[in-house]
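Notes for the one structure printed next.
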Amino acid sequence: MVLAEGVRKRFGLVEVLKGITLEVGRGEVVCLLGPSGSGKSTFLRCINHLERINGGRLAVDGQLVGYREQGGKLHELREKEVVRRRAEIGMVFQRFNLFPHRTALENIAEAPVLVRGLPRREASTRAQALLDRVGLGDRGDAYPAQLSGGQQQRVAIARALAMEPKLMLFDEPTSALDPELVGDVLDVMRDLARDGMTMVVVTHEIGFAREVADTVVFMDDGVVVESGPPAAVLDAPQHERTKAFLSKVL
Ligand code: ADP
Ligand code: MG
């Protein structure tokens, strides 16, 4: 579902991704770990067409990100096509970014109506089913400010799911939450993984990574330092940088 080969990204003179190579198979969960500033968010943004890479190859579901191939040549995608492809990828951020003047239900139903042209009634029915799925079936009429951070984040996940994405990206989805609210959000993500969703999750929740990830990738300073099954990377790390990081977060 995601194939990165030597992906590079610069901001001005500073190279932030220095050749990232990794693969995410269909239905797999990959957890990205690493210190602040190591390039995790930038990498997710590249996958989601929010940043343009400067080198290497990056493909989602067999299609190069940002380009289409025609007659053996690469053509940059038009904005309209970028928007269409981005709509196939769900992204959940640290901050929930819900529309404050719309109810939970309206937040979820919005994009399917506007982007997909779904009739509003059908979008509402589906939004209600998604609210049920994230454990908030009775909170559809609540405005974001009336919900806890954890509830807002679950609405944000439901909103992303409403577009029926083939890939979900999570960028530290529980980092802004009070500790007692983290578990409910992780539960929703765990269910999603169990249902077969392909997920790339940037997180410091080592327990979640250990339990849910197929592959754990440790990044530092724009490179993949090591990757492998959770037991290998988390319990028997090979590299000093990984050991040092884990000793801080565990
Ligand atoms: P992480 O998510 O691992 O904390 P980021 O991908 O956010 O790391 O950032 C990696 C590096 O890239 C940081 O040094 C950050 O300051 C820099 N960076 C990120 N976005 C930009 C930008 N738009 N312009 C310039 N530098 C950026
Ligand atoms: Mg980040």
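The values are calculated or read from the model by the stated rules, or taken from the named source; none is laboratory data. Note that this is a predicted model, so its numbers are computed, not measured. A quick note on method: Cβ atoms are made from the backbone with ideal geometry, for glycine too, and the neighbour counts reach across all protein chains shown. When the accessible area is computed, the model is the full protein with side chains, heavy atoms only, and any ligands, DNA or RNA have been set aside. Shrake-Rupley method; radii C 1.70, N 1.55, O 1.52, S 1.80 Å.
Observations, loosely collected:
- Strands (runs of 3 or more DSSP E) lying entirely in segment 138-250 (those with 1 or more residues that are buried (at least 16 other Cβ atoms within 10 Å of the Cβ) and charged (D, E, K, R)): 167-171, 215-220, 223-228
- Selection count where residues are on the phi > 0 side of the Ramachandran plot and not small (Gly, Ala, Ser), scope segment 16-59: 1
- Any hit, segment 13-27, residues being surrounded by fewer than 20 Cβ atoms within 10 Å (Cβ to Cβ) and modelled with pLDDT under 95: yes
- Filter pass, Arg10 being over 30 Å from Asp195 (Cβ atoms) and out of contact with any helix residue (DSSP H, G or I) (no Cβ under 6 Å at 6 or more places or on another chain): yes
- All positions within segment 52-66 that are open to solvent by less than 40 Å² (accessible area, probe 1.4 Å) and not aliphatic (A, V, I, L, M): Gly55, Gly66
- Checklist (1) away from ligand 1 (no atom under 12 Å from the Cβ); (2) in contact (Cβ under 8 Å) with a residue 60 or more places away in the chain applied to Glu76, failing item: (2)
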